[in-house]
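First comes the structure, then the notes that go with it.
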Amino acid sequence: MSQTTEIQAPRGALARALDVVERVGNKLPDPAVLFLLLMVVVWVVSWLLSGVVFDEIDPRSGQPVQVLSLLDGSALTNFMAKMVNTFVTFHPLGVVLVAMLGLGVAEHTGFINAGLRAILAVTSKALLTPVLIAVGVLSHVAVDAGYVLVIPLGAVIFYAAGRHPLAGIAAAFAGVSGGFSATFFVPSSLDPLLAGITQVAAQITDPSVEINPLNNYFFTTASTFLIVLVGWFLTDKVIEPRLQATRVDGDTASMPTMDALQPQERRGLQAAAASMVLAIALLALTLFVEGTPWAAPADQVPEGGHPLLVAAAPLMQSIVALIFVFFLIPGMVYGYVAGTVKTHRDIVQGMSKAMSGMGYYIVMAFFCAQFIFAFSQSNIGVLLAIKGANALQAMGLPLALTLVGIVFLSGTVNLLIGSASAKWALIGAIMVPMLMELGVSPDLTQAAYRVGDSSTNIITPLLPYFPLIVVFCQKYVKSAGIGTLVALMLPYSVSLLLVWTAFLLGFWALDIPLGIGSSYEYIPAAAAAAK
(Lines give C-alpha, C1' and ligand atoms only; values in the text may rest on other atoms or scores of the structure.)
Protein backbone atom coordinates (compact mmCIF):
# COMPACT_ATOMS: atom_id res chain seq x y z
CA MET A 1 0.00 0.00 0.00
CA SER A 2 1.29 3.44 -0.84
CA GLN A 3 2.51 5.26 2.24
CA THR A 4 1.90 8.75 0.86
CA THR A 5 -0.72 10.41 -1.24
CA GLU A 6 0.68 12.86 -3.75
CA ILE A 7 -2.63 14.12 -5.14
CA GLN A 8 -5.41 15.01 -2.73
CA ALA A 9 -9.03 15.10 -3.80
CA PRO A 10 -10.95 18.33 -3.18
CA ARG A 11 -12.13 18.52 0.42
CA GLY A 12 -15.90 18.81 0.84
CA ALA A 13 -17.66 20.62 3.69
CA LEU A 14 -18.07 17.39 5.69
CA ALA A 15 -14.39 16.45 5.32
CA ARG A 16 -13.31 19.94 6.37
CA ALA A 17 -15.63 19.84 9.39
CA LEU A 18 -14.22 16.47 10.45
CA ASP A 19 -10.70 17.83 9.99
CA VAL A 20 -11.57 20.56 12.49
CA VAL A 21 -12.91 17.98 14.94
CA GLU A 22 -9.71 15.97 14.56
CA ARG A 23 -7.40 18.96 15.03
CA VAL A 24 -9.27 20.21 18.09
CA GLY A 25 -9.50 16.73 19.59
CA ASN A 26 -5.82 16.03 19.05
CA LYS A 27 -4.89 19.28 20.80
CA LEU A 28 -6.37 17.88 23.97
CA PRO A 29 -3.84 16.55 26.49
CA ASP A 30 -2.59 13.00 26.20
CA PRO A 31 -5.48 10.62 27.04
CA ALA A 32 -3.81 9.56 30.30
CA VAL A 33 -3.47 13.19 31.41
CA LEU A 34 -6.98 13.96 30.17
CA PHE A 35 -8.45 11.27 32.40
CA LEU A 36 -6.43 12.66 35.31
CA LEU A 37 -7.72 16.20 34.69
CA LEU A 38 -11.30 14.97 34.35
CA MET A 39 -10.94 13.15 37.65
CA VAL A 40 -9.83 16.38 39.34
CA VAL A 41 -12.83 18.17 37.82
CA VAL A 42 -15.14 15.48 39.21
CA TRP A 43 -13.56 15.88 42.64
CA VAL A 44 -14.17 19.64 42.63
CA VAL A 45 -17.72 19.43 41.23
CA SER A 46 -18.64 16.71 43.72
CA TRP A 47 -17.44 18.95 46.55
CA LEU A 48 -19.45 21.92 45.24
CA LEU A 49 -22.65 19.88 44.88
CA SER A 50 -22.31 17.78 48.02
CA GLY A 51 -24.23 20.28 50.14
CA VAL A 52 -27.09 20.74 47.65
CA VAL A 53 -30.40 19.03 48.39
CA PHE A 54 -31.93 17.53 45.23
CA ASP A 55 -35.54 16.47 44.73
CA GLU A 56 -34.68 13.74 42.22
CA ILE A 57 -35.31 10.23 43.57
CA ASP A 58 -32.79 7.49 42.90
CA PRO A 59 -34.94 4.57 41.63
CA ARG A 60 -32.42 2.07 42.97
CA SER A 61 -32.77 3.19 46.59
CA GLY A 62 -35.98 5.18 46.64
CA GLN A 63 -34.11 8.02 48.33
CA PRO A 64 -33.24 11.51 47.03
CA VAL A 65 -30.04 11.59 44.98
CA GLN A 66 -27.09 12.87 46.98
CA VAL A 67 -23.82 13.90 45.37
CA LEU A 68 -20.96 12.64 47.51
CA SER A 69 -17.92 14.86 48.00
CA LEU A 70 -14.79 13.08 46.83
CA LEU A 71 -12.65 15.61 48.70
CA ASP A 72 -13.99 14.41 52.02
CA GLY A 73 -11.32 12.77 54.16
CA SER A 74 -12.96 9.33 54.18
CA ALA A 75 -13.58 9.50 50.42
CA LEU A 76 -9.94 10.35 49.71
CA THR A 77 -8.61 7.59 51.93
CA ASN A 78 -11.06 5.14 50.34
CA PHE A 79 -9.82 6.24 46.90
CA MET A 80 -6.20 5.68 47.91
CA ALA A 81 -6.91 2.35 49.60
CA LYS A 82 -8.70 1.01 46.51
CA MET A 83 -6.39 2.49 43.88
CA VAL A 84 -4.52 -0.74 43.16
CA ASN A 85 -7.65 -2.87 43.22
CA THR A 86 -9.47 -0.38 40.97
CA PHE A 87 -6.68 -0.75 38.42
CA VAL A 88 -6.16 -4.51 38.49
CA THR A 89 -9.92 -5.19 38.44
CA PHE A 90 -10.53 -2.76 35.54
CA HIS A 91 -12.35 -5.19 33.28
CA PRO A 92 -10.87 -4.25 29.87
CA LEU A 93 -7.31 -4.52 31.20
CA GLY A 94 -7.31 -8.26 31.84
CA VAL A 95 -9.45 -8.94 28.78
CA VAL A 96 -7.02 -7.14 26.49
CA LEU A 97 -3.80 -8.52 27.95
CA VAL A 98 -4.89 -12.16 28.05
CA ALA A 99 -6.28 -12.07 24.50
CA MET A 100 -3.15 -10.31 23.23
CA LEU A 101 -0.94 -13.10 24.57
CA GLY A 102 -2.56 -15.59 22.18
CA LEU A 103 -2.85 -13.10 19.33
CA GLY A 104 0.80 -12.14 19.85
CA VAL A 105 1.94 -15.70 19.24
CA ALA A 106 -0.30 -16.05 16.16
CA GLU A 107 1.07 -12.80 14.75
CA HIS A 108 4.73 -13.50 15.64
CA THR A 109 4.74 -16.94 13.99
CA GLY A 110 3.13 -15.57 10.81
CA PHE A 111 -0.17 -17.47 11.21
CA ILE A 112 -2.37 -14.34 11.03
CA ASN A 113 -0.41 -12.90 8.12
CA ALA A 114 -0.60 -16.09 6.08
CA GLY A 115 -4.23 -16.74 7.00
CA LEU A 116 -5.34 -13.29 5.91
CA ARG A 117 -3.46 -13.58 2.64
CA ALA A 118 -5.23 -16.88 1.97
CA ILE A 119 -8.64 -15.36 2.73
CA LEU A 120 -8.05 -12.20 0.72
CA ALA A 121 -6.92 -14.22 -2.27
CA VAL A 122 -10.48 -15.56 -2.65
CA THR A 123 -12.46 -12.58 -1.30
CA SER A 124 -13.69 -9.63 -3.33
CA LYS A 125 -12.26 -6.36 -2.01
CA ALA A 126 -15.68 -4.78 -2.56
CA LEU A 127 -17.19 -7.06 0.10
CA LEU A 128 -14.54 -6.56 2.77
CA THR A 129 -16.38 -3.66 4.42
CA PRO A 130 -19.83 -5.26 4.86
CA VAL A 131 -18.35 -8.58 5.93
CA LEU A 132 -16.13 -6.87 8.52
CA ILE A 133 -19.05 -4.87 9.96
CA ALA A 134 -21.26 -7.97 10.09
CA VAL A 135 -18.53 -9.91 11.91
CA GLY A 136 -18.26 -7.00 14.35
CA VAL A 137 -21.97 -7.23 15.13
CA LEU A 138 -21.78 -11.01 15.47
CA SER A 139 -18.88 -10.67 17.94
CA HIS A 140 -21.33 -9.44 20.61
CA VAL A 141 -22.16 -13.09 21.32
CA ALA A 142 -18.59 -13.41 22.60
CA VAL A 143 -18.98 -10.42 24.96
CA ASP A 144 -15.81 -8.26 24.58
CA ALA A 145 -14.12 -10.32 21.87
CA GLY A 146 -14.85 -7.74 19.18
CA TYR A 147 -12.78 -5.04 20.83
CA VAL A 148 -9.63 -7.12 21.21
CA LEU A 149 -9.98 -9.27 18.09
CA VAL A 150 -12.19 -7.88 15.32
CA ILE A 151 -11.09 -4.22 15.47
CA PRO A 152 -7.30 -4.79 15.20
CA LEU A 153 -7.87 -7.47 12.54
CA GLY A 154 -10.02 -4.97 10.63
CA ALA A 155 -6.99 -2.74 10.28
CA VAL A 156 -4.78 -5.66 9.25
CA ILE A 157 -7.28 -6.89 6.63
CA PHE A 158 -7.72 -3.46 5.09
CA TYR A 159 -3.98 -2.80 4.98
CA ALA A 160 -3.28 -6.19 3.40
CA ALA A 161 -5.95 -5.45 0.78
CA GLY A 162 -4.28 -2.16 -0.14
CA ARG A 163 -6.81 -0.01 1.72
CA HIS A 164 -6.29 2.42 4.59
CA PRO A 165 -5.99 0.57 7.92
CA LEU A 166 -7.80 3.32 9.86
CA ALA A 167 -10.83 2.75 7.62
CA GLY A 168 -10.73 -0.90 8.69
CA ILE A 169 -10.61 0.14 12.34
CA ALA A 170 -13.55 2.52 11.81
CA ALA A 171 -15.69 -0.08 10.04
CA ALA A 172 -14.98 -2.74 12.66
CA PHE A 173 -15.55 -0.31 15.55
CA ALA A 174 -18.88 0.71 13.99
CA GLY A 175 -20.00 -2.93 13.93
CA VAL A 176 -18.64 -3.93 17.33
CA SER A 177 -19.66 -0.88 19.37
CA GLY A 178 -21.96 1.25 17.21
CA GLY A 179 -24.08 -1.83 16.55
CA PHE A 180 -23.83 -3.07 20.12
CA SER A 181 -27.61 -3.48 20.47
CA ALA A 182 -27.99 -5.35 17.20
CA THR A 183 -27.98 -9.14 17.04
CA PHE A 184 -26.96 -11.19 14.02
CA PHE A 185 -29.61 -13.93 14.54
CA VAL A 186 -27.84 -15.16 17.70
CA PRO A 187 -29.07 -13.40 20.90
CA SER A 188 -26.42 -11.86 23.13
CA SER A 189 -26.17 -11.75 26.92
CA LEU A 190 -27.41 -8.13 26.75
CA ASP A 191 -30.92 -9.25 25.77
CA PRO A 192 -31.95 -10.99 29.03
CA LEU A 193 -30.00 -8.42 31.05
CA LEU A 194 -31.95 -5.43 29.72
CA ALA A 195 -35.24 -7.34 29.68
CA GLY A 196 -34.82 -8.14 33.37
CA ILE A 197 -34.32 -4.46 34.22
CA THR A 198 -37.31 -3.54 32.03
CA GLN A 199 -39.50 -6.04 33.87
CA VAL A 200 -38.53 -4.64 37.27
CA ALA A 201 -39.30 -1.11 36.06
CA ALA A 202 -42.64 -2.16 34.52
CA GLN A 203 -43.72 -3.91 37.70
CA ILE A 204 -43.52 -0.58 39.53
CA THR A 205 -46.79 0.22 37.72
CA ASP A 206 -48.16 -3.27 37.07
CA PRO A 207 -46.78 -6.24 39.09
CA SER A 208 -48.33 -8.66 36.59
CA VAL A 209 -46.10 -7.57 33.68
CA GLU A 210 -43.65 -10.17 32.40
CA ILE A 211 -41.02 -9.35 29.78
CA ASN A 212 -39.68 -11.95 27.36
CA PRO A 213 -35.84 -11.82 27.16
CA LEU A 214 -36.18 -11.78 23.35
CA ASN A 215 -38.76 -8.96 23.32
CA ASN A 216 -36.60 -6.93 20.87
CA TYR A 217 -35.16 -9.86 18.91
CA PHE A 218 -36.83 -9.18 15.52
CA PHE A 219 -35.95 -5.49 15.67
CA THR A 220 -32.33 -6.01 16.71
CA THR A 221 -31.83 -8.73 14.07
CA ALA A 222 -33.25 -6.51 11.32
CA SER A 223 -31.09 -3.68 12.67
CA THR A 224 -27.97 -5.66 11.79
CA PHE A 225 -28.68 -5.27 8.07
CA LEU A 226 -29.34 -1.56 8.56
CA ILE A 227 -26.04 -1.09 10.40
CA VAL A 228 -24.11 -3.02 7.74
CA LEU A 229 -25.61 -0.90 4.95
CA VAL A 230 -25.06 2.42 6.75
CA GLY A 231 -21.54 1.44 7.79
CA TRP A 232 -20.68 0.16 4.31
CA PHE A 233 -21.76 3.40 2.65
CA LEU A 234 -19.98 5.65 5.17
CA THR A 235 -16.74 3.65 5.15
CA ASP A 236 -16.39 3.48 1.38
CA LYS A 237 -17.88 6.86 0.43
CA VAL A 238 -17.01 9.16 3.36
CA ILE A 239 -14.35 7.78 5.68
CA GLU A 240 -11.87 6.18 3.29
CA PRO A 241 -11.84 9.06 0.75
CA ARG A 242 -11.12 11.46 3.62
CA LEU A 243 -8.23 9.25 4.76
CA GLN A 244 -6.46 9.47 1.38
CA ALA A 245 -4.42 12.38 2.72
CA THR A 246 -3.49 10.54 5.95
CA ARG A 247 -0.07 8.92 5.63
CA VAL A 248 0.52 5.48 7.12
CA ASP A 249 3.80 5.97 8.99
CA GLY A 250 3.78 3.08 11.45
CA ASP A 251 6.24 0.20 11.51
CA THR A 252 5.50 -1.38 8.15
CA ALA A 253 7.96 -4.23 8.68
CA SER A 254 5.45 -6.16 10.79
CA MET A 255 2.45 -5.33 8.63
CA PRO A 256 0.98 -7.99 6.31
CA THR A 257 1.66 -8.10 2.59
CA MET A 258 -0.22 -9.72 -0.29
CA ASP A 259 2.64 -11.91 -1.53
CA ALA A 260 1.66 -15.34 -2.82
CA LEU A 261 1.74 -18.11 -0.20
CA GLN A 262 4.88 -20.24 -0.23
CA PRO A 263 4.64 -24.08 0.00
CA GLN A 264 5.78 -24.15 3.64
CA GLU A 265 3.18 -21.49 4.49
CA ARG A 266 0.42 -23.56 2.89
CA ARG A 267 1.51 -26.62 4.88
CA GLY A 268 1.57 -24.54 8.03
CA LEU A 269 -1.94 -23.18 7.38
CA GLN A 270 -3.30 -26.66 6.73
CA ALA A 271 -1.82 -27.98 9.96
CA ALA A 272 -2.99 -24.92 11.92
CA ALA A 273 -6.52 -25.25 10.51
CA ALA A 274 -6.58 -28.93 11.45
CA SER A 275 -5.51 -28.11 15.01
CA MET A 276 -8.20 -25.42 15.23
CA VAL A 277 -10.91 -27.81 14.02
CA LEU A 278 -9.76 -30.44 16.52
CA ALA A 279 -9.82 -27.92 19.38
CA ILE A 280 -13.33 -26.73 18.40
CA ALA A 281 -14.55 -30.33 18.16
CA LEU A 282 -13.22 -31.11 21.64
CA LEU A 283 -14.94 -28.00 23.00
CA ALA A 284 -18.20 -28.94 21.29
CA LEU A 285 -18.08 -32.43 22.81
CA THR A 286 -17.91 -30.91 26.28
CA LEU A 287 -20.61 -28.31 25.55
CA PHE A 288 -23.44 -30.60 24.57
CA VAL A 289 -23.11 -33.43 27.08
CA GLU A 290 -25.75 -33.68 29.76
CA GLY A 291 -24.85 -31.61 32.82
CA THR A 292 -22.06 -29.76 30.97
CA PRO A 293 -19.91 -27.72 33.33
CA TRP A 294 -19.96 -24.88 30.78
CA ALA A 295 -23.63 -24.13 31.54
CA ALA A 296 -24.94 -21.73 34.18
CA PRO A 297 -26.75 -23.18 37.23
CA ALA A 298 -30.49 -23.47 36.66
CA ASP A 299 -31.29 -20.85 39.31
CA GLN A 300 -29.20 -18.29 37.39
CA VAL A 301 -30.90 -18.78 34.03
CA PRO A 302 -33.75 -16.28 33.42
CA GLU A 303 -36.94 -17.44 31.74
CA GLY A 304 -36.32 -17.82 28.02
CA GLY A 305 -32.54 -17.76 28.46
CA HIS A 306 -30.15 -20.51 27.36
CA PRO A 307 -27.90 -22.01 30.07
CA LEU A 308 -24.85 -21.67 27.80
CA LEU A 309 -25.53 -18.09 26.65
CA VAL A 310 -26.41 -16.18 29.83
CA ALA A 311 -23.80 -14.01 31.51
CA ALA A 312 -23.49 -16.40 34.46
CA ALA A 313 -22.49 -19.32 32.20
CA PRO A 314 -18.82 -20.38 32.55
CA LEU A 315 -18.74 -20.53 28.73
CA MET A 316 -19.55 -16.82 28.45
CA GLN A 317 -17.09 -16.00 31.23
CA SER A 318 -14.37 -17.98 29.42
CA ILE A 319 -14.63 -16.26 26.04
CA VAL A 320 -11.37 -14.35 26.45
CA ALA A 321 -9.54 -17.46 27.66
CA LEU A 322 -10.90 -19.33 24.64
CA ILE A 323 -9.66 -16.59 22.32
CA PHE A 324 -6.23 -17.00 23.92
CA VAL A 325 -6.26 -20.77 23.40
CA PHE A 326 -7.73 -20.73 19.88
CA PHE A 327 -5.01 -18.39 18.65
CA LEU A 328 -2.16 -19.85 20.70
CA ILE A 329 -2.62 -23.46 19.48
CA PRO A 330 -2.84 -22.83 15.71
CA GLY A 331 -0.19 -20.12 16.01
CA MET A 332 2.23 -22.61 17.54
CA VAL A 333 1.33 -25.39 15.11
CA TYR A 334 1.76 -23.05 12.14
CA GLY A 335 5.11 -21.85 13.43
CA TYR A 336 6.57 -25.32 13.88
CA VAL A 337 5.26 -26.65 10.54
CA ALA A 338 6.13 -23.54 8.50
CA GLY A 339 9.55 -23.27 10.13
CA THR A 340 9.07 -19.82 11.68
CA VAL A 341 9.41 -21.31 15.18
CA LYS A 342 12.41 -23.35 16.24
CA THR A 343 12.05 -23.63 20.03
CA HIS A 344 9.63 -22.75 22.80
CA ARG A 345 11.62 -19.56 23.32
CA ASP A 346 10.20 -18.22 20.06
CA ILE A 347 6.69 -18.67 21.47
CA VAL A 348 7.59 -16.77 24.63
CA GLN A 349 9.21 -14.08 22.49
CA GLY A 350 5.93 -13.66 20.58
CA MET A 351 4.03 -13.14 23.85
CA SER A 352 6.67 -10.72 25.13
CA LYS A 353 6.58 -8.72 21.92
CA ALA A 354 2.78 -8.40 22.19
CA MET A 355 3.04 -7.21 25.80
CA SER A 356 5.77 -4.70 25.01
CA GLY A 357 3.41 -2.98 22.60
CA MET A 358 0.72 -2.62 25.29
CA GLY A 359 2.71 -0.39 27.64
CA TYR A 360 1.02 2.84 26.56
CA TYR A 361 -2.43 1.26 26.85
CA ILE A 362 -1.68 0.05 30.38
CA VAL A 363 -0.77 3.60 31.43
CA MET A 364 -4.00 4.97 29.93
CA ALA A 365 -6.00 2.15 31.49
CA PHE A 366 -4.69 3.07 34.95
CA PHE A 367 -5.93 6.66 34.76
CA CYS A 368 -9.14 5.67 32.97
CA ALA A 369 -9.97 3.18 35.72
CA GLN A 370 -9.37 5.76 38.46
CA PHE A 371 -11.54 8.36 36.72
CA ILE A 372 -14.44 5.96 36.13
CA PHE A 373 -14.28 4.83 39.77
CA ALA A 374 -14.32 8.43 41.03
CA PHE A 375 -17.17 9.44 38.70
CA SER A 376 -19.32 6.50 39.74
CA GLN A 377 -18.68 7.15 43.44
CA SER A 378 -19.73 10.81 43.15
CA ASN A 379 -23.30 10.08 41.88
CA ILE A 380 -22.98 12.99 39.42
CA GLY A 381 -23.82 10.71 36.48
CA VAL A 382 -26.89 9.37 38.32
CA LEU A 383 -28.10 12.92 39.00
CA LEU A 384 -27.71 13.99 35.36
CA ALA A 385 -29.48 10.87 34.05
CA ILE A 386 -32.48 11.30 36.34
CA LYS A 387 -32.72 15.05 35.67
CA GLY A 388 -32.75 14.35 31.93
CA ALA A 389 -35.46 11.69 32.22
CA ASN A 390 -37.59 13.95 34.42
CA ALA A 391 -37.21 16.84 31.97
CA LEU A 392 -38.35 14.62 29.08
CA GLN A 393 -41.33 13.50 31.11
CA ALA A 394 -42.28 17.10 31.93
CA MET A 395 -42.30 18.13 28.26
CA GLY A 396 -45.43 16.10 27.50
CA LEU A 397 -44.44 15.55 23.86
CA PRO A 398 -46.43 13.50 21.31
CA LEU A 399 -45.60 9.80 21.46
CA ALA A 400 -43.34 9.75 18.39
CA LEU A 401 -41.34 12.71 19.68
CA THR A 402 -41.17 11.14 23.13
CA LEU A 403 -39.61 8.01 21.61
CA VAL A 404 -37.12 10.20 19.75
CA GLY A 405 -36.45 11.97 23.04
CA ILE A 406 -35.67 8.67 24.75
CA VAL A 407 -33.23 7.79 21.97
CA PHE A 408 -31.40 11.11 22.26
CA LEU A 409 -31.50 11.10 26.08
CA SER A 410 -29.98 7.62 26.10
CA GLY A 411 -27.32 8.68 23.61
CA THR A 412 -26.44 11.74 25.69
CA VAL A 413 -26.29 9.89 29.01
CA ASN A 414 -24.14 7.27 27.29
CA LEU A 415 -21.42 9.91 26.95
CA LEU A 416 -21.22 9.99 30.76
CA ILE A 417 -22.13 6.48 31.93
CA GLY A 418 -20.60 3.59 30.01
CA SER A 419 -22.51 0.59 31.36
CA ALA A 420 -25.61 -0.23 29.30
CA SER A 421 -27.31 -1.94 32.24
CA ALA A 422 -26.48 0.87 34.70
CA LYS A 423 -27.95 3.52 32.38
CA TRP A 424 -31.10 1.51 31.77
CA ALA A 425 -31.55 0.88 35.49
CA LEU A 426 -31.60 4.66 35.99
CA ILE A 427 -33.52 5.81 32.91
CA GLY A 428 -35.81 2.81 32.63
CA ALA A 429 -37.15 3.10 36.15
CA ILE A 430 -38.58 6.50 35.15
CA MET A 431 -39.37 6.14 31.45
CA VAL A 432 -40.95 2.65 31.43
CA PRO A 433 -43.68 3.41 34.04
CA MET A 434 -44.23 6.89 32.57
CA LEU A 435 -44.87 5.57 29.06
CA MET A 436 -46.98 2.70 30.36
CA GLU A 437 -49.33 5.38 31.72
CA LEU A 438 -49.56 6.66 28.12
CA GLY A 439 -50.30 3.16 26.80
CA VAL A 440 -46.80 2.44 25.47
CA SER A 441 -45.42 -1.04 26.03
CA PRO A 442 -42.14 -1.56 27.92
CA ASP A 443 -40.89 -3.44 24.85
CA LEU A 444 -41.03 -0.30 22.70
CA THR A 445 -39.45 1.89 25.36
CA GLN A 446 -36.58 -0.58 25.73
CA ALA A 447 -36.03 -0.67 21.96
CA ALA A 448 -35.78 3.13 21.87
CA TYR A 449 -33.21 3.04 24.66
CA ARG A 450 -31.09 0.46 22.83
CA VAL A 451 -30.89 2.63 19.71
CA GLY A 452 -29.60 5.65 21.62
CA ASP A 453 -27.26 3.62 23.80
CA SER A 454 -25.46 2.02 20.84
CA SER A 455 -25.24 5.02 18.54
CA THR A 456 -22.94 7.12 20.75
CA ASN A 457 -20.75 4.28 22.05
CA ILE A 458 -18.21 5.01 19.34
CA ILE A 459 -17.59 8.69 20.14
CA THR A 460 -17.30 8.73 23.92
CA PRO A 461 -13.76 8.61 25.34
CA LEU A 462 -15.36 7.23 28.52
CA LEU A 463 -15.95 3.90 26.78
CA PRO A 464 -13.47 1.65 28.64
CA TYR A 465 -12.08 0.31 25.36
CA PHE A 466 -11.73 3.73 23.72
CA PRO A 467 -8.06 4.17 24.75
CA LEU A 468 -7.30 0.75 23.29
CA ILE A 469 -8.77 1.75 19.91
CA VAL A 470 -6.58 4.88 19.97
CA VAL A 471 -3.55 2.61 20.48
CA PHE A 472 -4.62 0.48 17.49
CA CYS A 473 -4.79 3.65 15.37
CA GLN A 474 -1.33 4.77 16.52
CA LYS A 475 0.16 1.51 15.29
CA TYR A 476 -0.48 2.73 11.74
CA VAL A 477 -0.60 6.53 12.10
CA LYS A 478 1.74 7.71 14.84
CA SER A 479 0.06 11.10 15.24
CA ALA A 480 -3.39 9.59 15.82
CA GLY A 481 -5.15 10.68 19.01
CA ILE A 482 -8.57 11.05 20.55
CA GLY A 483 -9.51 13.65 17.94
CA THR A 484 -8.55 11.29 15.12
CA LEU A 485 -10.80 8.54 16.41
CA VAL A 486 -13.73 10.83 17.25
CA ALA A 487 -13.53 12.41 13.77
CA LEU A 488 -13.47 8.93 12.21
CA MET A 489 -16.51 7.73 14.14
CA LEU A 490 -18.65 10.88 14.27
CA PRO A 491 -20.29 10.28 10.85
CA TYR A 492 -21.24 6.75 11.94
CA SER A 493 -22.63 7.98 15.26
CA VAL A 494 -24.78 10.76 13.82
CA SER A 495 -26.00 8.62 10.92
CA LEU A 496 -26.89 5.67 13.16
CA LEU A 497 -28.67 7.95 15.61
CA LEU A 498 -30.87 9.40 12.86
CA VAL A 499 -31.37 6.42 10.55
CA TRP A 500 -31.80 3.84 13.33
CA THR A 501 -34.36 6.06 15.07
CA ALA A 502 -36.30 6.38 11.82
CA PHE A 503 -36.04 2.59 11.42
CA LEU A 504 -37.61 2.09 14.87
CA LEU A 505 -40.39 4.54 14.08
CA GLY A 506 -40.97 2.64 10.83
CA PHE A 507 -41.31 -0.64 12.75
CA TRP A 508 -43.82 1.07 15.03
CA ALA A 509 -45.79 2.72 12.22
CA LEU A 510 -46.04 -0.55 10.25
CA ASP A 511 -46.80 -2.56 13.40
CA ILE A 512 -43.96 -5.01 12.72
CA PRO A 513 -43.36 -7.15 15.84
CA LEU A 514 -40.33 -6.02 17.84
CA GLY A 515 -39.62 -9.47 19.15
CA ILE A 516 -41.00 -12.59 20.78
CA GLY A 517 -43.93 -11.87 23.10
CA SER A 518 -43.65 -8.13 22.46
CA SER A 519 -46.24 -5.46 21.82
CA TYR A 520 -46.45 -1.75 21.07
CA GLU A 521 -49.37 -0.97 23.32
CA TYR A 522 -49.64 -1.48 27.04
CA ILE A 523 -53.04 -2.57 28.27
CA PRO A 524 -53.35 -2.91 32.08
CA ALA A 525 -54.23 -6.40 33.24
CA ALA A 526 -57.52 -5.19 34.71
CA ALA A 527 -58.54 -3.53 31.43
CA ALA A 528 -57.52 -6.59 29.43
CA ALA A 529 -59.61 -8.82 31.70
CA ALA A 530 -62.60 -6.47 31.29
CA LYS A 531 -62.41 -6.90 27.53
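The values are calculated or read from the model by the stated rules, or taken from the named source; none is laboratory data. Just so you know, these numbers come straight off a predicted model, no measurement behind them. Note: ideal-geometry Cβ built from the backbone for every residue, glycine included; neighbour counts use all protein chains shown. Note: areas computed on protein heavy atoms with side chains; ligands, DNA, RNA excluded. Shrake-Rupley method; radii C 1.70, N 1.55, O 1.52, S 1.80 Å.
Some values worked out for this structure:
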quantity: The listed residue being more than 18 Å from residue 239 (Cα to Cα), crowded, with 22+ Cβ neighbours inside 10 Å and not aliphatic (A, V, I, L, M), out of 146, 154; calculated: 146
quantity: Verdict on residue 115 being surrounded by 13 or more Cβ atoms within 10 Å (Cβ to Cβ) and in contact with a helix residue (DSSP H, G or I) (Cβ under 6 Å, 6 or more places away or on another chain); calculated: no
quantity: Pairs where the first residue, in the stretch 34-62, is within 16 Å of residue 384 (Cα to Cα) and modelled with pLDDT under 90 and the second is open to solvent by 70 Å² or more (accessible area, probe 1.4 Å) and part of a loop (DSSP other than H, G, I, E, B), C-beta under 8 Å, 6+ apart; calculated: 54/66
quantity: Residue within the stretch 481-496 that is over 27 Å from residue 440 (Cα atoms) and not in a helix (DSSP H, G or I) present; calculated: yes
quantity: Subset tally (residues that are more than 30 Å from residue 160 (Cβ to Cβ), in a helix (DSSP H, G or I) and either open to solvent by less than 30 Å² (accessible area, probe 1.4 Å) or modelled with pLDDT of 90 or more (or both)) for the stretch 257-309; calculated: 5
quantity: Candidate set from the stretch 347-370 (those that are surrounded by 20 or more Cβ atoms within 10 Å (Cβ to Cβ) and in contact with a Leu (Cβ under 6 Å, 6 or more places away or on another chain)); member that is farthest from residue 46 (Cα to Cα); calculated: 361
quantity: Complete set of residues in the stretch 364-402 that are outside any helix (DSSP H, G or I) and either on the phi < 0 side of the Ramachandran plot or of a type in the set (Gly, Ala, Ser) (or both); calculated: 396, 397, 398
quantity: Pick from the stretch 461-500, criterion over 19 Å from the mean Cα position of the chain (by Cα) and of a type in the set (Ser, Thr, Tyr), ranking: most open to solvent (accessible area, probe 1.4 Å); calculated: 479
quantity: Subset tally (residues that are in contact (Cβ under 8 Å) with a residue 60 or more places away in the chain, closer than 20 Å to residue 129 by Cα and open to solvent by less than 10 Å² (accessible area, probe 1.4 Å)) for the stretch 173-219; calculated: 7
quantity: Residues (open to solvent by 60 Å² or more (accessible area, probe 1.4 Å), part of a helix (DSSP H, G or I) and modelled with pLDDT of 90 or more) located in the stretch 77-94; calculated: 77, 80, 81, 84, 85, 88
